[in-house]
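Novice: Sharing a structure below in structure tokens format, with a few things to ask.
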Amino acid sequence: MGKSSLTNRLVGRKCTIVSDKPQTTRRRILGIVNRLDSQVVLADTPGIHAPKHRLGAALNATAYRSAEQVDAILFVVDVSHMPTKHDKAIASKLAERQAGIPLVLAMNKMDQLAADRVEAHYNAFLDLCSPDKEIMTAATKGHNIIELHNLLVETVPEGPALYPQEWSSDLEPQAWAEEIVREKILERTREEVPHAIAVYTEGFEVLAGTAKISLVVVVETEGQKAIVIGKGGRMLKEVGSAARKELEASFGCKVFMELFVKVSADWRQSSRQLRELGLE
Ligand SMILES: Nc1nc2c(ncn2[C@@H]2O[C@H](COP(=O)(O)OP(=O)(O)OP(=O)(O)O)[C@@H](O)[C@H]2O)c(=O)[nH]1
Ligand SMILES: [Mg+2]
């Protein structure tokens with residue numbers, strides 16, 4: 001769909017992870033867009049979907065909760081196809097939003113839309129949700145990002161800046177480490193595996209200019225554990241090395257990382273475990 005890709009583009013740096021697997025975003029992450037004369041705070045959310053587990057229901061709840069007490073809602077759709085049943089369901093929920101909250105529609109993936117389909121798809125999405133403002137975007141190509149930013153600035157009421165100018169996100173370093181490790185696993189796994197993974201921090205300390213991070217990768221079965229570890233530990237090593245490099249660049253210090261894999265059957269169905277992982 002492109003919510004996180006658009007967030008990163010608008011912020012101008014990576015503050016939320018992106019992958020080609022559905023349900024990549026699991027928590028609300030603020031992306032703070034600072035310009036000389038404005039600050040726009042975006043709340044990137046999980047994608048609303050038909051849940052298969054307690055985790056999915058929790059993700060939907062996070063998304064809907066994030067749409068409360070906001071100055072505007074940015075509804076991101078994939079304009080490369082006509083509105084789906086799913087888009088319709090979200091639109092009817094959005095129609096029940098609190099009175100006075102403007103709706104901005106971002107019709108993303110315009111790069112995938114055939115020229116002779118533009119009018120039909122554009123009109124279908126406008127009819128679907130009657131937005132206050134709309135724009136077509138291509139997050140991956142950076143099309144219409146400045147225009148979308150301007151539209152948001154025009155739409156939300158003026159107020160004092162909520163965060164320091166140098167902030168671009170509200171994530172703590174250890175939460176960012178968890179997200180980056182999960183991203184590196186998402187890039188390397190398929191089918192059920194990406195969905196069955198969660199990452200949490202066991203230790204995080206900065207000593208003499210080095211961040212020492214211990215992270216646990218939770219999976220649901222022994223089979224998934226074997227996949228994540230890989231032959232002779234190769235996969236886990238690759239994940240750790242890619243994550244470490246990226247975190248060193250983002251933290252600006254040396255990173256020493258330890259990764260452990262733990263099987264926890266049915267964690268996605270367990271209210272207690274979802275709460276412990278900060279997902280419910
Ligand atoms: N062609 C094309 N692909 C895009 C565009 N925007 C996003 N993508 C791709 O779509 C996939 C999903 O993008 P995300 O930004 O993670 O989407 P999301 O809405 O945050 O997804 P969830 O967090 O899983 O709900 C990634 O593979 C992106 O590279 C776009 O404008 N055009
Ligand atoms: Mg996302």
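Novice: Which of these, Ala177, Ala50, Ala63, has the largest mean-square fluctuation under a Gaussian network model of the chain (Cα springs below 10 Å)?
Specialist: Sorting by GNM fluctuation, first place goes to Ala50.
Novice: Could you do me a favour and compute the accessible area per residue for the chain, 1.4 Å probe, result in Å²?
Specialist: On the way: 14530 Å² over 280 residues.
Accessible area per residue, the chain: 52 Å².
Novice: Can you count the Lys pairs in region 1-109 whose Cα atoms are under 24 Å apart, with each pair 8 or more apart or on different chains?
Specialist: Lysine pair count for region 1-109: 19.
Novice: Here's a follow-up. Using the Cα centre as the reference, give the magnitude of the dipole from point charges on the C-beta atoms of the chain (Lys, Arg: +1; Asp, Glu: -1; all else neutral), rounded to the nearest 20 debye.
Specialist: Values: 36 positive and 37 negative charges, 193 e Å.
For the chain, the charge dipole is close to 920 debye.
Novice: So for the chain, what are the equivalent ellipsoid semi-axes in whole Å, largest first, each being the square root of 5 times an eigenvalue of the Cα gyration tensor?
Specialist: Equivalent-ellipsoid dimensions as semi-axes: 33, 23, 18 Å.
Novice: Taking the Cβ of Gly203 as the centre, find all other residues whose Cβ is under 13 Å away and add up their charges (Lys, Arg: +1; Asp, Glu: -1). Intermediate values should be presented prior to the final figure.
Specialist: On the way: positive: Lys212; negative: Glu178, Glu202, Glu205, Glu258.
Result for the neighbourhood of Gly203: -3.
Novice: Answer rounded, prolate or oblate for region 118-242, using the Cα gyration tensor with square roots of eigenvalues a ≥ b ≥ c: rounded when a/c is under 1.5, else prolate when a/b is larger than b/c, else oblate. Write out the running numbers ahead of the final one.
Specialist: On the way: a/c = 3.09, a/b = 1.59, b/c = 1.94.
Oblate, because a/c is 1.5 or more while a/b does not exceed b/c.
Novice: If you don't mind, another one. Check the straight Cα-Cα distances from Lys237 and name the aspartates and glutamates below 12 Å, setting aside those fewer than 8 residues away within the same chain.
Specialist: In chain and number order, the partners are Glu258.
Novice: On to the next question. Using the Cα centre as the reference, give the magnitude of the dipole from point charges on the C-beta atoms of region 3-155 (Lys, Arg: +1; Asp, Glu: -1; all else neutral), rounded to the nearest 20 debye. Mind showing how you got there, number by number?
Specialist: Details: 20 positive and 16 negative charges, 181 e Å.
So the magnitude is around 880 debye.
Novice: Further question on the same structure: Around Glu192, what is the net charge, scoring Lys/Arg as +1 and Asp/Glu as -1 over all other residues with Cβ under 12 Å from its Cβ? Kindly include the intermediate steps, with their values, before the conclusion.
Specialist: Numbers: positive: Lys21, Lys52, Arg190, Arg268; negative: Glu191, Glu220.
Around Glu192, the surrounding residues sum to +2.
Novice: Quick one: work out Rg over Rh on the C-alpha atoms of region 173-276, Rh as Kirkwood radius. If you can, show how the numbers build up before the last one.
Specialist: Numbers: Rg = 13.6 Å, Rh = 13.9 Å.
Ratio value, two decimals: 0.97.
Novice: Do the sum for the chain: with -39,500 (n - 2.57) for every DSSP H run of n ≥ 4, divided by all residues, what is the mean residue ellipticity at 222 nm, to the nearest 500 deg cm²/dmol? List each step's numbers first, then the result.
Specialist: On the way: 9 runs with 104 residues, N = 280.
It comes out at -11500 deg cm²/dmol, rounded to the nearest 500.
Novice: Determine Rg/Rh for region 24-114; Rg is computed over alpha-carbon atoms and Rh is the Kirkwood hydrodynamic estimate from the same atoms.
Specialist: Details: Rg = 14.3 Å, Rh = 14.6 Å.
Dividing the radius of gyration by the Kirkwood radius yields 0.98.
Novice: A further question on this structure: I need two numbers for region 3-155: Rg to one decimal and Dmax as a whole number, Cα atoms only, in Å.
Specialist: Answer for region 3-155, Rg first and Dmax second: 14.8, 44 Å.
Novice: I've got another one for you. Which one, Gln39, Ala138, Val216, projects farthest toward the positive side of the charge dipole computed for the chain from Cβ point charges (K/R +1, D/E -1)?
Specialist: The residue sitting farthest along the positive end of the dipole is Val216.
Novice: Please report the relative contact order for the chain, taking Cα pairs under 8 Å with a sequence separation of at least 6, and give it as a percent rounded to a whole number.
Specialist: 18 percent
Novice: Taking the 0 to 90 degree range and rounding to the nearest ten, how far is the long axis of helix 234-251 tilted relative to the main principal axis of the chain, both from C-alpha atoms?
Specialist: Value to nearest ten degrees: 60.
Novice: Report the charge-dipole magnitude of region 173-276 in Debye, nearest 20, computed about the Cα centre from +1 at each Lys and Arg Cβ and -1 at each Asp and Glu Cβ.
Specialist: Working: 16 positive and 16 negative charges, 50 e Å.
Value, rounded to 20: 240 debye.
The values are calculated or read from the model by the stated rules, or taken from the named source; none is laboratory data. In this text the structure is predicted, and so the values were computed from the model without any measurement. Neighbour counts run over all protein chains shown; Cβ positions are idealised from the backbone, glycine included. All accessible areas refer to the heavy atoms of the entire protein, side chains included, with ligands and DNA or RNA removed. Shrake-Rupley method; radii C 1.70, N 1.55, O 1.52, S 1.80 Å.
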